[in-house]
1. Tally time: how many residues in the range 59-97 are part of a loop (DSSP other than H, G, I, E, B) and either in contact with a Phe, Trp or Tyr (Cβ under 8 Å, 6 or more places away or on another chain) or touching a residue at least 12 places away in the same chain (Cβ under 8 Å) (or both)?
2. When the range 24-49 is examined, which residues are found to be loosely packed, with under 15 Cβ neighbours inside 10 Å and in a loop (DSSP other than H, G, I, E, B)?
3. Would you check which residues across the range 123-144 are free of Cβ contacts under 8 Å to residues at least 40 places away in the same chain and within 28 Å of residue 61 (Cα to Cα) and list them?
4. Name the residue, out of 232, 194, 185, that is among the basic types (Lys, Arg), farther than 21 Å from residue 276 by Cβ and in contact with a helix residue (DSSP H, G or I) (Cβ under 9 Å, 6 or more places away or on another chain).
5. Can you find even one residue in the range 458-473 that is touching a Gly at 6+ places or on another chain (Cβ under 7 Å), in contact (Cβ under 8 Å) with a residue 24 or more places away in the chain, in a helix (DSSP H, G or I) and surrounded by 22 or more Cβ atoms within 10 Å (Cβ to Cβ)?
6. Taking into account only those residues within the range 8-23 that are crowded, with 23+ Cβ neighbours inside 10 Å and polar (S, T, N, Q), which is farthest from residue 57 (Cα to Cα)?
7. Which of the residues that make up the range 108-140 are outside any loop (DSSP other than H, G, I, E, B), touching a Pro at 6+ places or on another chain (Cβ under 9 Å) and among the aliphatic types (A, V, I, L, M)?
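The values are calculated or read from the model by the stated rules, or taken from the named source; none is laboratory data. These numbers come from a predicted model, not from an experiment. Neighbour counts are summed over all protein chains in view; Cβ atoms, including those assigned to glycine, are modelled from backbone coordinates with ideal geometry.
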Amino acid sequence: MFKIKLEGGRTMEVPEKTYWHTSSHIMAQAIKRLYPEIKLAIGPSIDNGFYYDFDTDKPFTPEMLAEIEEEMKKIIKEDYPLERFVLPRKEALELMKDEPYKQELINDLPEDEEISFYKQGEFTDLCAGPHLPSTGKVKAIKLLTSSGAYWRGDEKNKMLQRIYGISFPKASELEEYLYMIEEAKKRDHRKLGKELELFFFDETAPGMAYWMPKGFTLMNTLIEFWRKEHQKRGYQEFSGPQLNSSSLWKTSGHWDHYKEDMFVLTDIDGNEQALKPMNCPNSIKIYQTKLRSYKDLPLRFNDVDVIHRNEKSGQLNGLFRVRMFRQDDSHNYITDEQIGSEIKDIVEIIKYLYSIFGLEYKLTLSTRPESDYLGDIETWDKAEAALREVLDELCGEGQYQINEGDGAFYGPKIDIKMKDCLGREWQMGTIQLDFQLPQRFNLSYIDKDGNKKTPIMVHRALFGSFDRFIGIITEHYAGAFPTWLAPVQVKILPISVHHHDYAKEINEKFLEAGLKVELDLREEKIGYKIREAQLQKIPYMIILGDKEKEANAVGVRSRKDGDIGQMSIDEFIAKIKKEIEEYK
């Protein structure tokens, strides 16, 4: 919430989105003053600021953005009241006769829908609101970037020009936000991915990362850590086919509810197939391999298979939105009585995993979609009540956010929202309670009375996906990964060719100790090698010269503390191993 000042020294709290939505109207008014021929599309608030889409043949230049921003400041100073009014459809269309996109929006409204407008000075816009009392309540404003955007997000529609902006009640808040933006640019995982030789993207495979050796080492380190933690907790890992017959996806319901997001193809025999966009049906096939008893439950099948989703090209965003990724997945089969305990156990894993990375998180409840869902409302109500009961106990009654209508098509879910070191919030993992798929696949177990019952299925991913999580922690750590996770933990830097044999001996000892080590035998100056290792954000550098060779020791330089000095080989190995163990 933002606090704004009113007449008489009073203050009023308004939601950020109300503040930012009013700012988008101010931007549209400025555009129409400066470029009256430009047509208006839509201008909503978003999670961090606002944007407005405009129909113009020429992209907005930085000079134009500066001009628009100055005009916005004039409108703010003029302090126009925002006045709401409604019109019948015919009069609304007449008012917007020169704005084709607004007319399209009006025509798409239901017949009984109220058609409202907001007026500020000479400018009027179609809008449901709400808004600030006047334009003068916006204090600090900045236009950030411009880009192309399809009308209504559909690639078949015309490409419009979008301007993003941000505003705050105080100049200091704007300065802090702009600092965060600049810091985020430095930490951009796509930039760091190339610089640190972790991963890259290429036009030959849109939305699918090429993982370089260091990046794949990082991926495997994360997977092995995840795998060991799950083995301790009774999870059993499996792997399933990448390609499944359409019949499997029709039974699961994905064919009807998710087909447009799947890669569908026909095999040589003319059979319809699809690359799997999720692992749940494959997990179900594992469950079906034998008769299950109540004594087997909870039964937890986890996997790290690659999955594919046919995301639109305009929505791809580095590792954050991809078409191919590894899900940190599990599907747990439980009884009614085990719902609470199983979800609490999952939350305990979340607490541990996120604490390792120093990440803050919160749990939110997502409920039944308004339409396009499986099963009956009574079952949904039962599932939602079970999740509410768990969240009430874990978070306190009413002390968590509810996202109405944002559940999966087969069940409600608890979503994990994480904050990074810059205060940005990310949608991470999810815990989904599913009564539907076990019924659709006729899953059963034998209860203690010898009767057949249908298990409940818990879908859960804790990182969200390994790929996306690596993108997030790359930015969180600015590429300086903790020693246990770093793809190269130690880089050995001999001062000259005369120290190469000793460097090779040290390399062998470090490898035997299980360290991730890189040996640099290039005939370059030691200062150059050190600077390069620092740019690669390697936790430790080992400098080897005559003194180290004679003492059968190593010169240690830390990424964090600089030159540490000389140590024995065993002493350094013990130091780095202790650091790794303490971290985890």
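1. The total comes to 7.
2. 36, 37, 44, 47 - these are the residues of the range 24-49 that are loosely packed, with under 15 Cβ neighbours inside 10 Å and in a loop (DSSP other than H, G, I, E, B).
3. 124, 126, 140
4. Step by step, each of 232, 194, 185 is checked, and only 185 is among the basic types (Lys, Arg), farther than 21 Å from residue 276 by Cβ and in contact with a helix residue (DSSP H, G or I) (Cβ under 9 Å, 6 or more places away or on another chain).
5. Yes, the range 458-473 has at least one match.
6. So the residue we want is 22.
7. 115, 140
Quick grid of which residues meet (1) in the same structural domain as residue 436 (by TED's automatic domain parsing); (2) part of a helix (DSSP H, G or I); (3) more than 30 Å from residue 347 (Cβ to Cβ):
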residue	(1), (2), (3)
181	no, yes, yes
208	no, no, yes
219	no, yes, no
222	no, yes, no
249	yes, yes, yes
258	yes, yes, no
265	yes, no, yes
